[in-house]
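The values are calculated or read from the model by the stated rules, or taken from the named source; none is laboratory data. All values reported here derive from a predicted model rather than from experimental measurement. Reconstructed Cβ throughout: ideal geometry from the backbone, glycine too, with neighbour counts over all protein chains shown. The area values use the complete protein model at the heavy-atom level, side chains included, leaving out ligands, DNA and RNA. Shrake-Rupley method; radii C 1.70, N 1.55, O 1.52, S 1.80 Å.
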Amino acid sequence: MKPTVRVGMLAGCVQQVFFQHVNQATVRVLAAEGYEVVVPPDQSCCGALMVHCGVEQDARAQARKLIDTFENANVDYIVVNAAGCGSTMKEYGHLLSDDADWSDRAKKFSAKCRDISELLLLNPPRQTRNPLPIRVAYQDACHLRHAQGIFDEPRSLLRGIPELQLLEIGEPNLCCGSAGVYNLLHPEPARVLGDRKVDNVLCVQPQVLVSANPGCLLQIQAGLRRRGVPEIPTFHMIELLDASIRGLSAEMLLNRSVK
């Protein structure tokens with residue numbers, strides 16, 4: 001991979017507050033695989049939650065700020081590890097299509113956006129994947145599977161980890177009920193969907209649950225608490241890849257010792 005590919009990472013509003021460990025793992029894996037990683041300190045919200053709510057004028061304002069930030073960072077790709085954010089950012093060309101001053105810039109920005117699973121499969125892996133004997137249930141985030149059409153890529157990366165057992169849960173196309181802000185605006189039907197997703201997860205008896213969106217992980221954790229069963233440790237795919245590259249054990253991962 002020469003010359004070095006320069007990647008800008010979206011920090012994310014929810015991600016950097018509740019899932020900073022996911023961002024840290026993302027930077028470590030990209031650096032290990034030979035990418036130059038920059039995280040612009042002045043980046044704004046991507047506007048995804050505003051788009052979900054139909055507040056598009058505010059979403060456009062946030063999109064313009066983020067485009068300007070990453071243009072100034074001079075990156076080859078923009079990597080995203082939160083499916084809802086990535087879905088919105090890839091649609092900036094549509095969001096700003098009626099803005100003559102920003103339409104072309106938005107299209108160029110969106111063309112650089114990649115989910116972390118997409119980016120890592122652009123080149124053969126550089127680092128050895130060490131065994132991680134663990135049973136993993138993979139939950140498809142709707143904003144990744146349906147909005148971006150990405151479902152094979154994260155599975156391919158997980159299957160590349162020796163001794164990891166990837167478990168497919170039932171009804172993979174079914175939403176967990178998080179759906180952006182759906183669980184806030186319509187809590188009752190969202191709870192029904194969440195309970196149904198929990199049923200499917202528990203059926204495969206995983207040791208850990210993996211998903212690509214923070215909202216999904218929070219929604220399923222809430223469903224497990226309602227069920228009164230022990231919470232299943234939840235991770236982003238990149239955290240398992242990070243643990244494998246670093247040679248950490250399954251016990252260390254389950255004890256949240258990945259730092």
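Once amide H atoms are built 1.01 Å from N in the peptide plane, which residues 5 or more positions from THR234, or in another chain, come under 5 Å H to H?
Placed amide hydrogens put LEU209 under 5 Å from THR234.
Go through segment 49-58 residue by residue and turn each phi into a ³J(HN,Hα) via Karplus (6.51, -1.76, 1.60, θ = phi - 60°); whole Hz please, and just put x for glycine and proline.
Working through the residues one at a time gives 5, 5, 5, 4, 8, x, 8, 6, 5, 5 Hz.
Given a 1.4 Å probe, how much area per residue of segment 21-75 is accessible, in Å²?
On the way: 2500 Å² over 55 residues.
Per-residue value: 45 Å².
Short version: ³J(HN,Hα) in whole Hz for each residue of segment 188-204, in order, from phi by Karplus 6.51 cos²θ - 1.76 cosθ + 1.60 (θ = phi - 60°), x for Gly and Pro, what are they?
5, x, 5, 5, 4, 5, x, 5, 5, 5, 4, 4, 5, 5, 5, 4, 9
Using the Cα centre of segment 129-176 as the reference point, and only Cβ charges (+1 on K/R, -1 on D/E), how large is the resulting charge dipole? Debye, rounded to the nearest 20.
For segment 129-176, the charge dipole is close to 140 debye.
Give the residue from MET9, GLY54, ALA106 lying farthest towards the positive end of the charge dipole for segment 1-139; charges sit on Cβ (+1 for Lys and Arg, -1 for Asp and Glu) and the dipole is referred to the Cα centre.
MET9
Between rounded, prolate and oblate, where does segment 137-212 land on the alpha carbon gyration tensor, with a ≥ b ≥ c its root eigenvalues, rounded for a/c under 1.5, else prolate if a/b exceeds b/c?
The shape class here is oblate.
I'm spelling it out carefully: the read-out is semi-axes √(5λ) of the Cα gyration tensor in Å, the candidates are (1) 29, 24, 14; (2) 28, 19, 17; (3) 38, 32, 16, and one was derived from this structure. Which label?
For semi-axes √(5λ) of the Cα gyration tensor in Å, the calculated option is (1).
Lysine pairs in the chain with Cα distance under 23 Å, only those 8 or more apart or on different chains: how many are there?
Pairs that pass both the separation and distance tests number 9.
Using only protein heavy atoms and a 1.4 Å probe, report how much of ASP140 is accessible, in Å² to the nearest 10.
10
For GLU168 and GLU188, what is the calculated FRET efficiency with R₀ set at 30 Å and r taken between the beta-carbons, to the nearest 0.05?
That gives a FRET efficiency of 0.60.
Taking all protein chains as present, what is the carbon and sulfur share of the accessible area of the chain, in % to the nearest whole number, probe 1.4 Å?
Within the chain, the accessible surface is 51 percent carbon and sulfur.
Suppose all protein chains stay in the model; what accessible area per residue would a 1.4 Å probe give for segment 97-148, in Å²? It would help to have the intermediate numbers written out before the result.
Working: 2600 Å² over 52 residues.
Accessible surface, normalised per residue, equals 50 Å².
With θ set to phi - 60°, apply the Karplus curve 6.51 cos²θ - 1.76 cosθ + 1.60 along segment 107-121 and write out the HN-Hα couplings as whole Hz, x wherever there is a Gly or Pro.
Here the 3J(HN,Hα) series is 5, 5, 4, 4, 5, 8, 6, 9, 5, 4, 5, 5, 4, 5, 9 Hz.
Between ASN123 and ASP99, what is the spin-label point distance in nm, taking each point 7 Å from the Cα along the Cα→C-beta axis?
3.3
Go through segment 125-234 and name the trypsin sites (Lys or Arg not before Pro) that are in a DSSP coil and have 12 or fewer other Cβ atoms within 10 Å of their Cβ.
ARG126
Longest exposed-loop-site-free stretch of the chain, with GluC sites (Glu not before Pro), DSSP loop and at most 14 other Cβ within 10 Å?
Counting at most 14 other Cβ atoms within 10 Å as exposed, the longest clean stretch of the chain is 1-162.
Just to confirm the filter: which trypsin sites (Lys or Arg not before Pro) across segment 1-104 are DSSP coil and have at most 14 other Cβ within 10 angstrom of their Cβ?
Working: sites: ARG6, ARG28, ARG60, ARG64, LYS65, LYS90; in loops: LYS90.
Passing sites in segment 1-104 do not exist.
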